[in-house]
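Enquirer: Sharing a structure below in structure tokens format, with a few things to ask.
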Amino acid sequence: MADRVTVIGWDGTPLTDAARSALGAATLVAGAAHHLALPEVPERAERIRLGSVSLAARRIARHRGTAVVLADGDPGFFGVVRTLRAPEFGLEVEVVPAVSSVAQAFARAGMPWDDAQVVVAHRRTLRRAVNVCRAHTKVAVLTSPGAGPAELGLLLGPVQRTFVICEELGTSREQVTVLTSDKAADRTWRDPNVVIVIGGPVTADTGWIAGRDTSGTARGWALPASAFGGGLGEAENDRVRAAQLARLGRRGGDPVGERGGAGGASRPGAARFGAAAIAVDRDADSCARTTAVARRFGVQLQVVHGTAPHVLEDLPEPDVVRVGGGGAAVVSAVADRRPERIVTHASTRDEAELIGRDLMEHGYAVECSLLQSVELDTRAWSELERVVAFVISAERSSRTGD
């Protein structure tokens with residue numbers, strides 16, 4: 001095992017005394033080509049061109065001597081430190097940090113970033129990174145070849161954002177470009193680059209927590225009916241909506257769809273928890289009401305006026321879907337698109353059985369709960385309103401091979 005491993009962050013500025021001292025004593029230096037070309041790297045030291053960090057870590061673990069790893073920006077922030085500290089390598093590291101590329105990008109843009117989401121985009125994670133850009137008003141994307149500004153813009157589609165694209169930060173070729181997301185695919189961008197994605201109202205002061213301030217957010221899974229100004233459907237009772245949102249089980253970066261809604265009250269609810277929510281409704285007034293509620297609660301929500309299932313063809317593939325109306329035909333059309341999870345409701349047992357059978361024929365494992373919600377006047381403990389609904393949740397079975 002290496003006697004000592006020092007990880008040095010490099011942001012294009014002169015190395016610190018601590019970094020130069022560590023390099024001067026190094027018998028092995030790992031880094032990218034531009035790192036290994038630094039004059040401070042000793043000629044006698046073994047040099048490893050850093051491609052796979054895991055392969056380099058294995059080599060470092062076998063090295064008897066003093067090792068240094070050079071990395072761009074802050075190596076502890078989406079950097080090599082996590083891999084080097086993995087248990088299988090047994091390495092203990094000292095870190096000499098530098099300014100991260102995200103901090104540099106926001107500095108070039110003259111913007112605060114304590115209210116920003118930060119994601120890494122690789123080809124395998126690009127879709128989830130794009131969904132974070134859909135769901136939040138300020139996102140920094142650490143890109144990679146094949147998952148850069150052009151690909152981000154293409155996948156965002158009609159959801160327009162402003163891109164601040166920072167190429168080769170800290171070098172003589174550094175360039176900062178501001179344009180709309182739909183123009184990003186018209187150009188070729190140099191790696192490495194960071195993309196700041198801006199959309200919707202942005203608040204510079206988050207108060208006390210980085211990433212997203214929740215101090216003004218209404219508590220609970222579901223917003224009360226009063227937030228929507230009336231016009232909600234029979235199953236838009238907030239208790240039923242809360243159960244449906246819980247069954248959706250969305251994760252950060254998931255696209256969440258709502259199809260054939262009957263009032264649309266669940267859509268802002270999903271978006272409040274960071275989902276990339278897309279709402280489809282055949283009723284123009286319902287679309288306008290949903291948009292207004294989303295703005296009031298400061299969430300990003302794409303609202304599409306149209307009739308399911310026909311309008312679904314032009315929308316992004318969802319991971320989880322709530323079908324708020326339209327019956328078995330819409331549920332079947334949604335199941336054809338193979339989302340991981342579908343949640344809907346039925347007002348009668350016959351309708352619930354019909355939907356359940358169709359979902360099972362599509363290869364889903366189906367659960368159904370009978371939910372009864374009774375509103376009581378606590379002054380007299382008398383019943384004011386009763387809602388009964390069959391809540392159906394379906395999860396795509398791994399046995400289908402999808």
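The values are calculated or read from the model by the stated rules, or taken from the named source; none is laboratory data. A quick note: this is a predicted structure, and the numbers were derived from the prediction, not measured. When we count neighbours, we look across all protein chains shown, and the Cβ atoms used for this are built from the backbone with ideal geometry, even at glycine. These area figures cover heavy atoms from the full protein model, side chains too; ligands, DNA and RNA do not enter into them. Shrake-Rupley method; radii C 1.70, N 1.55, O 1.52, S 1.80 Å.
Enquirer: Looking at Arg59, Arg85, Arg134, Arg47, which is the one that is of a type in the set (D, E, K, R) and farther than 22 Å from Ala19 by Cβ?
Expert: Values: Arg59 fails: farther than 22 Å from Ala19 by Cβ; Arg85 fails: farther than 22 Å from Ala19 by Cβ; Arg47 fails: farther than 22 Å from Ala19 by Cβ.
Within the list Arg59, Arg85, Arg134, Arg47, the selection yields Arg134.
Enquirer: Taking Ala19, is it more than 32 Å from the chain's Cα centre (by Cα), over 28 Å from Val118 (Cα atoms) and not charged (D, E, K, R)?
Expert: On the way: more than 32 Å from the chain's Cα centre (by Cα): yes; over 28 Å from Val118 (Cα atoms): no; not charged (D, E, K, R): yes.
Here the answer is no, as Ala19 does not meet what is asked.
Enquirer: Follow-up question, since we're still on this one. Filter region 1-44 down to the residues that are among the acidic types (Asp, Glu) and in contact (Cβ under 8 Å) with a residue 40 or more places away in the chain, then identify the one that is farthest from Arg58 (Cα to Cα).
Expert: Of the residues in region 1-44, the ones among the acidic types (Asp, Glu) are 3, 11, 17, 40, 43.
Then keep just the ones that are in contact (Cβ under 8 Å) with a residue 40 or more places away in the chain; that gives 3, 11.
Numbers: Asp3: 14, Asp11: 26 Å.
By that ranking, first place goes to Asp11.
Enquirer: Of these, Gly356, Gly274, Gly306, Gly363, which one is at pLDDT 90 or above, farther than 25 Å from Val387 by Cβ, open to solvent by less than 20 Å² (accessible area, probe 1.4 Å) and not hydrophobic (A, V, I, L, M, F, W, C)?
Expert: That would be Gly363, the only listed residue that is at pLDDT 90 or above, farther than 25 Å from Val387 by Cβ, open to solvent by less than 20 Å² (accessible area, probe 1.4 Å) and not hydrophobic (A, V, I, L, M, F, W, C).
Enquirer: Restricting attention to region 366-402, which residues are open to solvent by 70 Å² or more (accessible area, probe 1.4 Å) and hydroxyl-bearing (Ser, Thr, Tyr)?
Expert: Matches in region 366-402: Thr378, Ser398.
Enquirer: Kindly provide the set of residues from region 16-51 that are open to solvent by less than 20 Å² (accessible area, probe 1.4 Å) and not in a helix (DSSP H, G or I), ordered by number.
Expert: Passing the criteria: Ala26, Leu28, Val29, Ala30, Gly31, Val41, Pro42, Ala45.
Enquirer: Ok, one more. In region 333-384, how many residues are touching a helix residue (DSSP H, G or I) at 6+ places or on another chain (Cβ under 7 Å), over 22 Å from Val311 (Cβ atoms) and of a type in the set (Gly, Ala, Ser)?
Expert: Qualifying residue count, region 333-384: 3.
Enquirer: Looking at region 60-83 only, could you name the residues that are open to solvent by 70 Å² or more (accessible area, probe 1.4 Å) and not in a loop (DSSP other than H, G, I, E, B)?
Expert: Arg62, Asp72, Arg82
Enquirer: Say we look at region 348-402 and pick out the residues that are over 29 Å from Pro318 (Cα atoms) and part of a loop (DSSP other than H, G, I, E, B); which of these is farthest from the chain's Cα centre (by Cα)?
Expert: Residue satisfying both the conditions and the ranking: Ala380.
Enquirer: Which of the helices (runs of 4 or more DSSP H) found entirely inside region 84-176 contain at least 3 residues meeting this: farther than 25 Å from Val299 by Cα and open to solvent by 30 Å² or more (accessible area, probe 1.4 Å)?
Expert: In region 84-176, 101-109 are the helices (runs of 4 or more DSSP H) which contain 3 or more residues that are farther than 25 Å from Val299 by Cα and open to solvent by 30 Å² or more (accessible area, probe 1.4 Å).
Enquirer: Does Gly269 satisfy the condition of being in a loop (DSSP other than H, G, I, E, B), out of contact with any strand residue (DSSP E or B) (no Cβ under 7 Å at 6 or more places or on another chain) and modelled with pLDDT under 75?
Expert: So Gly269 fails the test.
Enquirer: If you don't mind, another one. Take Ala288 and decide whether it is modelled with pLDDT of 70 or more, open to solvent by 50 Å² or more (accessible area, probe 1.4 Å) and either within 24 Å of Val366 (Cα to Cα) or part of a helix (DSSP H, G or I) (or both).
Expert: Values: modelled with pLDDT of 70 or more: yes; open to solvent by 50 Å² or more (accessible area, probe 1.4 Å): yes; either within 24 Å of Val366 (Cα to Cα) or part of a helix (DSSP H, G or I) (or both): yes.
Yes; evaluated as a whole, the condition is true for this residue.
Enquirer: Would you pick out the residues in region 131-158 that are under 19 Å from Phe78 (Cα atoms) and without any contact (Cβ under 8 Å) to a residue 40 or more places away in the chain?
Expert: Gly146, Ala147
Enquirer: In addition: Show the residue pairs meeting these rules: Cβ distance below 8 Å; 6+ apart or different chains; first residue within region 174-188 and in contact (Cβ under 8 Å) with a residue 12 or more places away in the chain and within 19 Å of Cys133 (Cβ to Cβ); second residue open to solvent by 40 Å² or more (accessible area, probe 1.4 Å) and part of a strand (DSSP E or B).
Expert: Once the first residue is in contact (Cβ under 8 Å) with a residue 12 or more places away in the chain and within 19 Å of Cys133 (Cβ to Cβ) and sits in region 174-188, its partners that are open to solvent by 40 Å² or more (accessible area, probe 1.4 Å) and part of a strand (DSSP E or B) give Val178/Thr162; Leu179/Thr162; Thr180/Thr162; Ser181/Thr162.
Conditions (1) in contact with a Lys or Arg (Cβ under 8 Å, 6 or more places away or on another chain); (2) farther than 30 Å from His63 by Cα; (3) small (Gly, Ala, Ser), marked per residue:
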{"site": "Val93", "(1), (2), (3)": "yes, no, no"}
{"site": "Ala116", "(1), (2), (3)": "yes, yes, yes"}
{"site": "Cys133", "(1), (2), (3)": "yes, yes, no"}
{"site": "Cys166", "(1), (2), (3)": "yes, yes, no"}
